[in-house]
Amino acid sequence: MMSFRPAGRSLVAADAFFTSRRVQLISLAARHALPGVYASREFVEGGGLMSYGTSITDMYRQVGFPPTLLALSHVLELAREQ
């Protein structure tokens, strides 16, 4: 017979699906008092507990992605979250 044990933590992998839904994942973890470990720094900036990865924006900056496109991507991301 299977028994149900509630999870005591969450680990969110580096995936486009999870990254695009990071606001929902962070709020869900907070609502259920689950400490979360996330794949990128953007989750922590959004209210998550900790990350084991780097900032996606910083990675693009290091490889020479044009700053104007970085600013535009940030504006588009903010608009999508609202």
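The values are calculated or read from the model by the stated rules, or taken from the named source; none is laboratory data. Remember, it's a predicted structure, so these values are computed and weren't measured experimentally. Note that we place each Cβ from the backbone using ideal geometry, even for glycine, and neighbour counts take in every protein chain shown.
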Close pairs (9 angstrom Cβ cut-off, 6 or more residues apart or separate chains): among the aromatic types (Phe, Trp, Tyr) in the stretch 50-62, at pLDDT below 75 and in a helix (DSSP H, G or I) anywhere: 60/69; 60/70; 60/73
Pairs, first in contact (Cβ under 8 Å) with a residue 24 or more places away in the chain in the stretch 25-40, second β-branched (Val, Ile, Thr) and in a helix (DSSP H, G or I), C-beta under 6 Å, six or more apart: 40/56
Sole exception among (1) surrounded by 11 or more Cβ atoms within 10 Å (Cβ to Cβ); (2) at pLDDT 80 or above; (3) assigned to a helix (DSSP H, G or I) for residue 24, by number: (1)
Number of positions in the stretch 47-82 that are touching a helix residue (DSSP H, G or I) at 6+ places or on another chain (Cβ under 7 Å), within 16 Å of residue 15 (Cβ to Cβ) and modelled with pLDDT of 80 or more: 2
